[in-house]
């Protein structure tokens, strides 16, 4: 394939700009909303269920209400409006009504003068339960003969199912010479953000509420609580900054309860979950069982690909259906086959709640697929990179489910650059001189969709305005999650509007002054900001220049929009602050509404925008202890132009460590409906000491007629890090990796089972 030369930036070698919020974070005062403390503020606390599954027979709150210092006690009976919320499926009660479905499921809540009184009040609430059988396995949950008391919801335990077939399976089977089949098991993973769920709800003194919670979508937060309390447009939601999320705060948890307490008490209420409560109530990554059978012909060309996915969504839907759809769509990867047969099912269980998580449904199947690809390459006698190259779908080919997608050379470029790296061109397996350590080098290639897919909430509104003080403001409903959105907006405004980044003031996540931009999720924020600025730039500059011309009538001077203001032939003529003063109420304020652009003929829930990355990982295995360490990770990222080098690098390195941890150590089992760890002493996450040497090569090529712009960088590093590490480990062990995380116990078991075998 003929391609233009690669435009590659090694981001780790660049002098990067300091993040705009760096000083605030380093001094401990970034304004996190859970730290909002005011005079007269009450403290909220939640009574969660000790049982994973039970009917609620009776709730008595009289003693709690009578306790001095208690200002409000609420149950479902205190909700005047809508009692449930959810995304595709509205199934999650604000406070449980007839039954509880997981440990920690909220039953009642109190607001008191301090946390000690609040906890004492919780202890006085009397609840009678009728304990029901615990449904803790997804395959058991979907058995057709399951008794009625095993049904978690009245609609049954099957939340969602999806399937896709294409091609001629008989012809594909007839052409098959080599095939590999196996069952891959992925774990439940915890977000482990530093700031647990929490915030403040306070009456505004005018019959409404103000909400200050770390979240992805203040507009949705506002709507849910307005519906719950019947307040219509009398709710203001502020959602930035957020002390880490990774998808875990993309759904509401404590917000409705805190709002209900504040509304009943007519006092500000601060509600902040402890770590054990956060573990019980918060969402997790969906554990999956993935059965794959994949074949190729004698030359190594892929023939058929059959996939069966079974996922555990826990007690409530949240983002579960969307996660399953993403798994289905990414199961084929960036490759082409003669025939596909993919099916997926999503089960309710009593195992907490699973929802949005960085990598969003794709990472589980990408791990399985990339193991299959390496194993087939070995069967066909081809190097892993060669096998991928001959099976890579062309850049103008349809998407993985046959849908139309924006043509993009990202996968081709990423693979080509990865193949050129010294780490890949060296040995792929070796043993240390003393025989103790095994080393393996593995390669992976993945693509990753952007946005919500067809039928999702893809509309986006933003505003661009010249403020009274001369600052250029981009107003949007997105929130700063730690991804450096502020810096990205400043950088894109500087690049596309020609101004200095220091005079750009992003206004984020406040429903009183920002339009509804939809959630900052699905790797969509950077792309949408880029598109908005591209669309608004002509009108923006025209209005500024027209104003300048009015201030200089009859002159032949040619003005242009410069870094600090309006420039003439001799340099700066009028800075933006002075221009704003002169324009007064006529200052530009441009609004834009981006409509969803999904092609009308594409199937529901499919995506039409993809980015791609390749990665090479080197691991070292201690054959004495089973300990495994990732030593090097080279990331070849093809996502178009880099909007913020600092943010891009942080997203890649941070997400990569999260992905490798999923392969090597993180797992939150749920035994009979109870998590085996409820704090970070029993659930260990990687530290800086566990991070490998990392190199980020950003391939910035983008077609001149590309309608989308930069692809999202927020999730894709998780997507490639896990399979890259798994592939490297499988090469080191000469055994396939089918169950993750690969703990030392599993490594030792693999070493003791035919240690010199190279069974595909």
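The values are calculated or read from the model by the stated rules, or taken from the named source; none is laboratory data. As the structure is a computational prediction, the values presented were derived from the model and not from experiment. Here Cβ is always computed from backbone atoms with ideal geometry, including for glycine, and neighbour counts include all displayed protein chains.
Say whether the condition of being part of a loop (DSSP other than H, G, I, E, B) and closer than 30 Å to residue 401 by Cβ is met by at least one residue in the range 157-171. Break it down into steps so the answer makes sense when it comes.
Looking only at the range 157-171, we keep the residues that are part of a loop (DSSP other than H, G, I, E, B), and these are 157, 168.
Filter once more, keeping what is closer than 30 Å to residue 401 by Cβ: 157, 168.
Yes, the range 157-171 has at least one match.
Can you find a residue that is over 28 Å from residue 397 (Cβ atoms), outside any strand (DSSP E or B) and touching a residue at least 60 places away in the same chain (Cβ under 8 Å) anywhere in the range 322-336?
Filtering the range 322-336 down to residues over 28 Å from residue 397 (Cβ atoms) leaves none.
Looking through the range 322-336, none of the residues is over 28 Å from residue 397 (Cβ atoms), outside any strand (DSSP E or B) and touching a residue at least 60 places away in the same chain (Cβ under 8 Å).
Looking only at the range 118-156, count how many residues are over 28 Å from residue 188 (Cβ atoms), within 35 Å of the chain's Cα centre (by Cα) and in a loop (DSSP other than H, G, I, E, B).
Residues in the range 118-156 being over 28 Å from residue 188 (Cβ atoms), within 35 Å of the chain's Cα centre (by Cα) and in a loop (DSSP other than H, G, I, E, B): 0 in total.
Please state which one of 488, 502, 557 is crowded, with 23+ Cβ neighbours inside 10 Å and either in a helix (DSSP H, G or I) or modelled with pLDDT under 95 (or both).
None of the others qualify; the one that does is 488.
Out of the residues in the range 271-283 that are buried (at least 24 other Cβ atoms within 10 Å of the Cβ) and in a strand (DSSP E or B), which is farthest from the chain's Cα centre (by Cα)?
Among residues in the range 271-283 that are buried (at least 24 other Cβ atoms within 10 Å of the Cβ) and in a strand (DSSP E or B), the one farthest from the chain's Cα centre (by Cα) is 271.
Can you pull out every residue in the range 523-554 that is in contact with a helix residue (DSSP H, G or I) (Cβ under 8 Å, 6 or more places away or on another chain) and under 30 Å from residue 710 (Cβ atoms)? Lay out the reasoning, then the answer.
Of all residues in the range 523-554, those in contact with a helix residue (DSSP H, G or I) (Cβ under 8 Å, 6 or more places away or on another chain) come to 523, 525-526, 529-530, 533-534, 537, 540-541, 544, 547-548, 551.
Hits for the range 523-554 are 523, 525, 526, 529, 530, 533, 534, 537, 540, 541, 544.
Quick check on my filter: what residues within the range 396-411 are under 19 Å from residue 373 (Cβ atoms) and more than 25 Å from the chain's Cα centre (by Cα)?
Across the range 396-411, the qualifying residue is only 397.
Would you confirm, using the coordinates I've provided, whether residue 386 is in contact with a strand residue (DSSP E or B) (Cβ under 8 Å, 6 or more places away or on another chain) and at pLDDT 95 or above?
no
Identify, by number, the condition in (1) surrounded by fewer than 24 Cβ atoms within 10 Å (Cβ to Cβ); (2) over 23 Å from residue 374 (Cα atoms); (3) free of Cβ contacts under 8 Å to residues at least 60 places away in the same chain that residue 255 doesn't meet.
Among (1) surrounded by fewer than 24 Cβ atoms within 10 Å (Cβ to Cβ); (2) over 23 Å from residue 374 (Cα atoms); (3) free of Cβ contacts under 8 Å to residues at least 60 places away in the same chain, residue 255 violates only (1).
Go over the candidates 427, 407, 422 one by one and state the one that is at pLDDT 95 or above, under 26 Å from residue 696 (Cα atoms) and touching a strand residue (DSSP E or B) at 6+ places or on another chain (Cβ under 8 Å).
After applying the criteria, what remains is 427.
Can you tell me which residue is nearest to residue 209 (Cα to Cα) among those in the range 225-245 that are part of a loop (DSSP other than H, G, I, E, B) and more than 17 Å from the chain's Cα centre (by Cα)?
Filtering first and then ranking leaves 234.
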